[in-house]
1. Arrange the peptides 180-192, 110-122 so that the one whose residues have, on average, the most other Cβ atoms within 10 Å appears first.
2. Lys/Arg Cβ at +1, Asp/Glu Cβ at -1, dipole of the chain taken about the Cα centre: which of V278, L225, G256 is farthest positive-ward?
3. Share of the range 28-172's accessible area from carbon and sulfur, percent, 1.4 Å?
4. Please give the net charge around G81, taking every other residue with its beta carbon less than 12 angstrom from that of G81, where Lys and Arg add +1 and Asp and Glu add -1.
5. From the square roots a ≥ b ≥ c of the eigenvalues of the alpha-carbon gyration tensor of the range 30-148, which class results: rounded (a/c under 1.5), prolate (a/b over b/c), or oblate?
6. Could you look at the range 192-295 and say what percent of its accessible area is carbon and sulfur, using a 1.4 Å probe and all protein chains?
7. Round to the nearest 0.05 the FRET efficiency obtained for F231 and D36 when R0 = 22 Å and r is the Cβ-Cβ distance.
8. So, with +1 on the Cβ of K and R and -1 on the Cβ of D and E, and no other charges, what is the size of the charge dipole of the chain about its Cα centre, to the nearest 20 debye?
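The values are calculated or read from the model by the stated rules, or taken from the named source; none is laboratory data. Predicted model, so just to flag it, every value in this text is computed and none were measured. We place every Cβ from the backbone using ideal geometry, glycine too, and count neighbours over all the protein chains shown. When the accessible area is computed, the model is the full protein with side chains, heavy atoms only, and any ligands, DNA or RNA have been set aside. Shrake-Rupley method; radii C 1.70, N 1.55, O 1.52, S 1.80 Å.
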Amino acid sequence: MTNRLKGVGVALITPFNTDGSIDYNALSNLIDFQIDNGTDYIVALGTTGEPATMSAQEKNELLDFIIKKINKRVPLVVGCGGNNTADVLKMMQEFEKVDGIDAFLSVAPFYNKPNQNGVYQHFKTLANGTSKPILLYNVPGRTGINISVDVVIRLANECKNIIGIKEASGNVAQGMAIAARRPKDFLIISGDDALTLPLIACGFDGVISVLQNVYPAAFSKVVHLALDGKFEESKAIHYQYLDIIDTLFAEGSPSGAKAYLTQMGMIKNEVRLPLAPVSDSLFEKINSLRAKINC
């Protein structure tokens, strides 16, 4: 499984209709758009997919649709995290029965602010309770806690089905420390589009990307050139997208990505509260950046 999750995964958005329901026609087209343009794997029900605003029934229906649409053409990773260990484990065990899910992405427990032993015990319990591969997800800017390097390495060595980490701390030194100490075949995946190129140079295995929603062919090329050691060629493309990456997150994600996809005619510009669409001024800036990149 680790080889199949190298490269670029898309943190898939969830398109909505104006009444707030899931737009399955748009979602079907988005999945084909990703697979046809070089995305190596798809991540569903991650932060970018807005699962925090969905009921359990909606998540199950959405996941069922995505599994059928992908039809095993690429691997599927499913976001499965939270701050109640027992509930997360129950969710994993239910999803484990579903054919078509290849791995889980599990975020550090947020809000509770556990100490590092609590973080370790949380993930150890999940790993012991499921046979599916698990990717840790470290994103302190959202969770309020950091998964320390020591805890990552301990889990990597003790839990065979914890196969990697999506590292989105923004701390390059921490990423390098994990790269230096990780066991063989343990994946380190960037969670920051803008840092992906330098992180691959430090030993990372790829990225789970928001930008990939919008420019999958181009960013796939950036990542694979870098993984092949062709950094000058990768850099030449990567630098064209830095301003675009900034706008993706300037007023919250996935609002930025949805603005781009709306202008491309692929979705409606709808997010669920408490998120809101980007401002008119940012929408216009996005339009200008799109025009430049498409010249």
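1. On the way: 180-192: 18.1, 110-122: 15.2.
Packing order, densest peptide first, comes out as 180-192, 110-122.
2. Value: L225.
3. Working: 2800 of 6050 Å².
Taking all protein chains in place, the range 28-172 shows 46 percent carbon and sulfur surface.
4. On the way: positive: R142, K166; negative: D87.
Neighbourhood net charge equals +1.
5. On the way: a/c = 1.89, a/b = 1.67, b/c = 1.13.
Taking the square roots of the gyration eigenvalues as a ≥ b ≥ c, the range 30-148 is prolate.
6. Numbers: 2500 of 4570 Å².
Here it works out to 55 percent.
7. Values: r = 27 Å, r/R0 = 1.21.
So the FRET efficiency works out to roughly 0.25.
8. On the way: 28 positive and 30 negative charges, 134 e Å.
Magnitude of the dipole: close to 640 debye.
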